[in-house]
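To keep things clear, I will list the structure first and then write my remarks on it.
The values are calculated or read from the model by the stated rules, or taken from the named source; none is laboratory data. Please read all numbers here as calculations on a predicted model, not as lab measurements. Note that each Cβ is placed from the backbone with ideal geometry, even for glycine, and that neighbours are counted across all protein chains shown. Ligands, DNA and RNA are excluded from the accessible area calculation, which covers all protein heavy atoms including side chains. Shrake-Rupley method; radii C 1.70, N 1.55, O 1.52, S 1.80 Å.
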Amino acid sequence: MHEISMTVNGSVVQASVEPRTHLADFLRDDLLLTGTHLGCEQGVCGACTILVDGRPVRSCLTFACGCDGADIRTIEGLNDDPLMKQIQNAFCENHGLQCGYCTPGMLATAYDIVRRLPDIDDQQVRKELSGNLCRCTGYAGIVAAIRQVLDSGPENASVTPITRESTRFSELPKIEKKNPITEITVQGHPESLDISPEEITGVNLDKEVILELSNEKLWEIISDLPTVASCIPGMSLESVGDDGSVIGRLTIAVGPIKASFSGKGIVNFNPANTSGQLYGAGTDRLTRSKILASLSFNIEHFEENCSKLSLHVIYDIRGPLSQFGRKALVEEIADSLLKDITRSIVAKASGTEHKIPENRSFKVLPFMGTVLKSLIMRLFRQKKF
Amino acid sequence: MKPVSFDYSVPENSLAVVEHLKNAQGTAKIVAGNQSLGPMLNLRLVRTNALIDVGLLAEVRKCVVNQDNVFIGAGITHAEIEDGDVQDPTNGWMREAAGNIAYRAVRSRGTIGGSLCHADPAADWLIVLTGLKAFAIVQGLSSNRKLPVENFITGPFTNDLKEDEILMGVEVPKPSATAKWGYWKFMRQVGEFAKASAVIYHDEHKQITRCAIGALGRQPLLLHNPEKIFDGTLTPANAIKESLPDRDFAEMTMHVTAIERALSIARNRSEPGK
Ligand SMILES: Cc1cc2nc3c(=O)[nH]c(=O)nc-3n(C[C@H](O)[C@H](O)[C@H](O)COP(=O)(O)OP(=O)(O)OC[C@H]3O[C@@H](n4cnc5c(N)ncnc54)[C@H](O)[C@@H]3O)c2cc1C
Ligand code: FES
Ligand code: FES
């Protein structure tokens, strides 16, 4: 617990808070100031916007423990403020609210707009309001309300920005070494695979790599699941069924973001034309994110002693990780992984090991044993990121 | 969703920060504005044992005006730059860029240093500071170092900091009076991360021309032959094709458009700040 002292709506509040408690939860749950609303808790919707040290901030992205010495104003604390009264009246007159969920955040933002930018036009009002979402009004009433305040001359604001400095410092803490949680162990088997490859839609990605390996040799490695899985950094195979089903796990990290997907896939090999397909689904229990993906691959002869591996991937990321599923990023990661995988495959074919360089931009977490799994299904999972 | 539980501390100076980082051996994270880390913690995309708050740390909250450059502390917020509370070495270019990052409530707390360290490929400061040829000033336990911003960012969401280093700030060179600058980004919606972006910087007096594109999967890409892009002898499409072959048409078009718009901004406005 962390001791803090702050001013909330003009009164001094002293409290002991858990560091992970954000300011909005502290205000709502501990101080029962439920005028501050929470929507997304990721900074996007603006419902939680309040004034901290006179500036609009996201209370969902502000830890209560970081507000020692701060001056906090919630909607409840602006009842007697002449400017807020004027804005509230304008919202009433212009249909600036309906259900009221966005309203406390809208009012805090509106307060900041009229105080900071008294001369702006409607276009700029809309731009300034873009960080506050309203599902009811269609914004026209809100813009009109702000226009009315600007046109009639805003009253004086009693709350203005101030700069705070730290006054209380922590001793250098003793570190107890505890390992950060990197995965949740799942009891039993991952969920069953109840999708068909046709149902997987999403972002399409095409990749081609040339390997210094004959196409026969490449096919030999790729069609052997344990071998190919061992060439994919971060992958472990749990089981391979006779029906082409595979169960396994893939763990990867991009910068500070870590995820470990466990899931199931189906692999089909077509030796006649050295091609294959795999599809599957995986879940990262820690972030509750899900990946659906399918991958088709094809090996062709390419010049002397070389072969071309072509991959077509379709992926769909759901849940919190989806915001990191943008194609450019996934593509970058896929390219780098592909480089490592092809190097590993080539090394394996020549009987040496390819060591994955340390300290690269995305790396696979330290991993357990080698093994198998739907080769590229994992490969594409990595791309997911 | 709520973050996993963690310890929290407010160190008195940068030395205490790096000592703490050293002791923690990778299990603690610095937090500044919490505008990038916060969402990831709330969604549990990132789990950490401890947060070290540098948001109010005096050493990273300062700004020093030197003859040829301005040092802007890592803890200076986007809003402070937007409002001109700290000196803008570029006479307005940085203020303008700052004012178009996210939303005001995010800018109130988000910092220039946090933005660089977080290294989202689509972030504004990454490409703007790369374009301006700025330097990152890094403090470690026993020494400090200075490196170009383009070397500080090493990949998507990845920077060059060692486990026990802190970014103290950035050193931004002052462009000469006749320098030209254009920055343009494409967003579906105001405040959203860019889908494509480009900067062009042409300082004839200092003999510097730089052109970078951003919002790729990686750090901003400095294009070859920026002088030719600026004087029009190399088209943006050819410049990109050379550095980024086999991108799909839609993506290429966005980057080409970003460069064209940045060029037109640069050509149509003469001095810094105009
Ligand atoms: C809704 C929303 C929209 C956004 N839109 C945009 C946008 O359009 N463009 C844009 O550029 N940004 C955008 N952002 C991000 C915003 O600019 C953040 O403020 C910024 O990326 C991170 O700064 P911060 O101070 O909040 O860093 P924090 O979140 O506190 O930290 C980010 C990372 O940097 C590390 N770090 C911070 N300071 C230091 C330091 N001094 N030394 C070493 N490591 C450090 C932390 O450990 C952490 O890993 C958006 C954010 C939100 C919530
Ligand atoms: S709840 Fe804070 S921005 Fe949505
Ligand atoms: S009034 Fe319902 S969300 Fe805005």
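Looking at B:ASN91, B:ASN69, which one is of a type in the set (S, T, N, Q) and at positive phi?
B:ASN91
Test B:VAL4 against the stated conditions and say whether it is surrounded by 19 or more Cβ atoms within 10 Å (Cβ to Cβ) and within 7 Å of chain A (Cβ to nearest Cβ).
Spelling it out, it is not the case that B:VAL4 is surrounded by 19 or more Cβ atoms within 10 Å (Cβ to Cβ) and within 7 Å of chain A (Cβ to nearest Cβ).
Let's see how each residue does on (1) out of contact with any strand residue (DSSP E or B) (no Cβ under 7 Å at 6 or more places or on another chain); (2) surrounded by 19 or more Cβ atoms within 10 Å (Cβ to Cβ); (3) aliphatic (A, V, I, L, M); (4) more than 10 Å from chain B (Cβ to nearest Cβ):
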position: A:THR7; (1), (2), (3), (4): no, no, no, yes
position: A:SER11; (1), (2), (3), (4): yes, no, no, yes
position: A:GLN14; (1), (2), (3), (4): no, no, no, yes
position: A:VAL17; (1), (2), (3), (4): no, yes, yes, no
position: A:THR36; (1), (2), (3), (4): no, yes, no, yes
position: A:PRO56; (1), (2), (3), (4): no, yes, no, no
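Looking for something of a type in the set (A, V, I, L, M, F, W, C) and in a helix (DSSP H, G or I) - is there at least one such residue anywhere in the range A:161-171?
Initially, the range A:161-171 is screened for residues of a type in the set (A, V, I, L, M, F, W, C), giving A:162, A:169.
Among the residues that remain, those that are also in a helix (DSSP H, G or I) are: none.
No, because not a single residue in the range A:161-171 is of a type in the set (A, V, I, L, M, F, W, C) and in a helix (DSSP H, G or I).
So if I check each of B:VAL256, B:VAL190, which one is within 16 Å of ligand 2 (Cβ to nearest atom), open to solvent by less than 60 Å² (accessible area, probe 1.4 Å) and either among the acidic types (Asp, Glu) or outside the structural domain of B:PHE152 (by TED's automatic domain parsing) (or both)?
B:VAL190 is the lone residue from the list that is within 16 Å of ligand 2 (Cβ to nearest atom), open to solvent by less than 60 Å² (accessible area, probe 1.4 Å) and either among the acidic types (Asp, Glu) or outside the structural domain of B:PHE152 (by TED's automatic domain parsing) (or both).
May I ask you to list the residues in the range B:99-112 that are within 14 Å of another protein chain (Cβ to nearest Cβ) and either more than 9 Å from ligand 1 (Cβ to nearest atom) or in a helix (DSSP H, G or I) (or both)?
B:GLY99, B:ARG104, B:ALA105, B:VAL106, B:ARG107, B:SER108
Listed here are the residues, each with its yes/no results for (1) open to solvent by 10 Å² or more (accessible area, probe 1.4 Å); (2) in a strand (DSSP E or B).
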{"site": "A:LYS258", "(1), (2)": "yes, yes"}
{"site": "A:ALA272", "(1), (2)": "yes, no"}
{"site": "A:ALA293", "(1), (2)": "no, yes"}
{"site": "A:ILE299", "(1), (2)": "no, yes"}
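Give me the pairs: first residue in the range A:82-101 and open to solvent by 10 Å² or more (accessible area, probe 1.4 Å), second residue part of a helix (DSSP H, G or I) and within 16 Å of ligand 2 (Cβ to nearest atom), beta-carbon distance under 7 Å, and six or more apart or on different chains, which are they?
A:GLN88/A:LEU107; A:LEU97/A:THR103
Name the residues in the range A:113-136 that are within 29 Å of the chain's Cα centre (by Cα) and in contact (Cβ under 8 Å) with a residue 40 or more places away in the chain, would you?
Result: A:GLY131, A:ASN132, A:LEU133.
Every residue in the range B:1-38 that is within 16 Å of ligand 2 (Cβ to nearest atom) and modelled with pLDDT of 95 or more, please.
Selection gives B:GLY33, B:ASN34, B:GLN35, B:SER36, B:LEU37, B:GLY38.
Of all the residues that make up the range A:74-109, how many are within 16 Å of ligand 2 (Cβ to nearest atom) and either aliphatic (A, V, I, L, M) or not in a helix (DSSP H, G or I) (or both)?
Final tally of qualifying residues: 9.
Is it the case that A:ALA47 is within 16 Å of ligand 3 (Cβ to nearest atom), more than 9 Å from every other protein chain (Cβ to nearest Cβ), crowded, with 24+ Cβ neighbours inside 10 Å and over 20 Å from A:ILE162 (Cβ atoms)?
Judged against the criteria, A:ALA47 is a match.
Having 1 or more residues that are more than 21 Å from A:ALA157 (Cα to Cα), more than 15 Å from ligand 2 (Cβ to nearest atom) and in contact with a Ser or Thr (Cβ under 7 Å, 6 or more places away or on another chain) is the bar; report the strands (runs of 3 or more DSSP E) wholly within the range A:6-71 that clear it. Show your work before the answer.
Values: elements: A:11-17, A:49-52, A:55-58.
Once the strands (runs of 3 or more DSSP E) in the range A:6-71 are filtered for at least 1 residues that are more than 21 Å from A:ALA157 (Cα to Cα), more than 15 Å from ligand 2 (Cβ to nearest atom) and in contact with a Ser or Thr (Cβ under 7 Å, 6 or more places away or on another chain), what remains is A:11-17.
Of all residues in the range B:58-73, which are touching a Gly at 6+ places or on another chain (Cβ under 8 Å) and open to solvent by 10 Å² or more (accessible area, probe 1.4 Å)?
Correct list: B:GLU59, B:ARG61, B:LYS62, B:CYS63, B:PHE71.
Looking only at the range B:20-72, count how many residues are in contact with a Pro (Cβ under 9 Å, 6 or more places away or on another chain), away from ligand 1 (no atom under 12 Å from the Cβ) and basic (Lys, Arg).
So the count comes out to 2.
Just wondering, is there one or more residues in the range B:208-228 that are in a strand (DSSP E or B), more than 18 Å from the chain's Cα centre (by Cα) and not basic (Lys, Arg)? Walk me through it before giving the result.
The initial filter retains those residues of the range B:208-228 that are in a strand (DSSP E or B), namely B:208-214, B:221-222.
Narrowing further to those that are more than 18 Å from the chain's Cα centre (by Cα): B:208-209.
In the following step, the residues that additionally are not basic (Lys, Arg) were identified as B:208-209.
The answer is yes, given that some residue of the range B:208-228 is in a strand (DSSP E or B), more than 18 Å from the chain's Cα centre (by Cα) and not basic (Lys, Arg).
May I ask you to verify whether B:GLU59 is free of Cβ contacts under 8 Å to residues at least 12 places away in the same chain, over 18 Å from A:THR62 (Cα atoms) and either of a type in the set (Asp, Glu) or in contact with a Leu (Cβ under 6 Å, 6 or more places away or on another chain) (or both)?
no
Would the range A:308-315 turn up any residue that is under 26 Å from B:ALA119 (Cα atoms) and among the aromatic types (Phe, Trp, Tyr)?
yes
Could you list, in sequence order, the residues of the range B:16-36 that are part of a helix (DSSP H, G or I), more than 7 Å from every other protein chain (Cβ to nearest Cβ) and open to solvent by 20 Å² or more (accessible area, probe 1.4 Å)?
If the condition is that a residue be part of a helix (DSSP H, G or I), more than 7 Å from every other protein chain (Cβ to nearest Cβ) and open to solvent by 20 Å² or more (accessible area, probe 1.4 Å), then B:LYS22 is the only one that fits.
Residue-wise test of (1) more than 14 Å from chain B (Cβ to nearest Cβ); (2) within 16 Å of ligand 1 (Cβ to nearest atom); (3) not charged (D, E, K, R).
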{"residue": "A:GLY96", "(1), (2), (3)": "yes, no, yes"}
{"residue": "A:PRO104", "(1), (2), (3)": "no, no, yes"}
{"residue": "A:ARG115", "(1), (2), (3)": "no, no, no"}
{"residue": "A:ASP121", "(1), (2), (3)": "yes, no, no"}
{"residue": "A:ASN132", "(1), (2), (3)": "no, yes, yes"}
{"residue": "A:ALA145", "(1), (2), (3)": "yes, no, yes"}
{"residue": "A:LEU150", "(1), (2), (3)": "yes, no, yes"}
{"residue": "A:ARG168", "(1), (2), (3)": "no, no, no"}
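Where residues in the range A:341-359 are modelled with pLDDT of 80 or more and basic (Lys, Arg), which of them is surrounded by the most Cβ atoms within 10 Å (Cβ to Cβ)?
Across the range A:341-359, the extreme among qualifying residues is A:LYS348.
So, A:GLU176, is that one at pLDDT below 95 and surrounded by fewer than 11 Cβ atoms within 10 Å (Cβ to Cβ) or not? So that I can check it myself, show each step before the final result.
Details: at pLDDT below 95: yes; surrounded by fewer than 11 Cβ atoms within 10 Å (Cβ to Cβ): yes.
In short, yes.
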